[in-house]
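*Asks:* Sharing a structure here in structure tokens format.
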Amino acid sequence: MLEAIIILLIIAAIASLLGFRGVAGAAGGIAKILIFIVLIGILLLLFFGILVVA
């Protein structure tokens, strides 16, 4: 998942440098969504991991 985020961010950066606003916006938006999903997953794992230990 993290590889996909990094690839999308690189695509967004290159597209914005070349002037492709639509592609850059789409790649950046998808990367934002994936980052949000990863952060929620990490928080859930931490939360339920603490509940299991306690």
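Nothing in this text is a laboratory measurement; each read-out follows from the coordinates by a stated rule. Because the structure is a prediction, the values reported are computed rather than measured.
*Asks:* When the Karplus curve 6.51 cos²θ - 1.76 cosθ + 1.60 is applied with θ = phi - 60°, which whole-Hz ³J(HN,Hα) does each residue of region 24-29 get, with x for Gly and Pro?
*Replies:* Computed from phi, the couplings for region 24-29 are 5, x, 5, 5, x, x Hz.
*Asks:* Among rounded, prolate and oblate, which fits the chain when a ≥ b ≥ c are the square roots of the eigenvalues of its C-alpha gyration tensor, a/c under 1.5 means rounded, and a/b larger than b/c means prolate?
*Replies:* Numbers: a/c = 6.34, a/b = 3.94, b/c = 1.61.
In terms of gyration-tensor shape, prolate.
*Asks:* With the contact rule set at Cα under 8 Å and sequence spacing of 6 or more, what percent relative contact order holds for the chain?
*Replies:* On the way: 29 pairs, mean separation 17.9, N = 54.
Value for the chain: 33 percent.
*Asks:* Once phi is turned into θ = phi - 60°, what whole-Hz ³J(HN,Hα) does the Karplus curve with 6.51, -1.76 and 1.60 give for every residue of region 2-16, x standing for Gly and Pro?
*Replies:* Whole-Hz 3J(HN,Hα) from phi for region 2-16: 5, 5, 5, 5, 5, 4, 5, 5, 5, 4, 5, 5, 5, 5, 5.
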